[in-house]
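> Next up is a structure, given as structure tokens.
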Amino acid sequence: MDFILPPTLPAGGIQWEKVLPPLIPRLNGTYGEYNWSPKLLIPETDNNSSAEVNCDDSRFTVQVDVKDFMPQDLMVKVIGDFVEVQGKHEEKKKNGSGLTTRQFNRRYRIPKGVDTMALESAVSPDGILIIAAPMLQSRILN
């Protein structure tokens, strides 16, 4: 079977719901007692990512939306070639009959040439965690 691919991807990405049914026609419909659809094979993408990563010749920065967390709920640590951000917030319900927990874990790869010993983090007044580190001096001079 030959496939003809467009020179560029469509703006909305590949429409897998149109591609998969002809490729796997047996799986469309009912399988035993389950209703089955090729859409189950399509991973959900997180298009509303709440982080922005930038790296230029002088600085590496990560900005993470942490509006739902207090600074004391956050932990930033360097593990190998990654900076790991963890957030965990617990609060008791107003009527005292339960506990609500909100948490996340994110890892971002640190590019080569970043001075991890100078990495700093701070939360801005509008709830953005800013993690920043300069590039090593030898890389800036080259």
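> Using amide H atoms built 1.01 Å from N in the peptide plane, name the residues 5+ places from Val114, or on other chains, whose amide H lies under 5 Å from its own.
Amide H neighbours of Val114: Leu136.
> For a quick size check, give me the Cα extents of the stretch 51-102 along its three principal axes, largest first, whole Å.
Each principal axis gives a Cα extent; for the stretch 51-102 these are 53, 21, 14 Å.
> Let me ask something else. Roughly how many Å² of Ile79 are accessible to a 1.4 Å probe, to the nearest 10?
Ile79 exposes around 80 Å² with every protein chain in place.
> Per the 1.4 Å probe, what fraction of the accessible area of the stretch 55-142, in percent, lies on carbon and sulfur atoms?
Carbon and sulfur atoms account for 49 percent of the accessible area of the stretch 55-142.
> Turning to a different aspect of this structure: Where in the stretch 88-113 is the amide nitrogen less than 20 Å from a point lying 7 Å along the Cα-to-Cβ axis of Asp73?
Residues 88-107 qualify, since their backbone N sits under 20 Å from the label point.
> Once phi is turned into ³J(HN,Hα) by the Karplus curve 6.51 cos²θ - 1.76 cosθ + 1.60 with θ = phi - 60°, what whole-Hz value does each residue of the stretch 123-136 show in order, with x for glycine and proline?
Once θ is set to phi - 60°, the couplings for the stretch 123-136 become 9, 6, x, 8, x, 10, 7, 10, 10, 9, 8, x, 6, 4 Hz.
The values are calculated or read from the model by the stated rules, or taken from the named source; none is laboratory data. Every value quoted in this text rests on a predicted model; they were computed, and no experiment measured them. Reconstructed Cβ throughout: ideal geometry from the backbone, glycine too, with neighbour counts over all protein chains shown. Areas reflect the complete protein model, heavy atoms only, side chains present, ligands, DNA and RNA absent. Shrake-Rupley method; radii C 1.70, N 1.55, O 1.52, S 1.80 Å.
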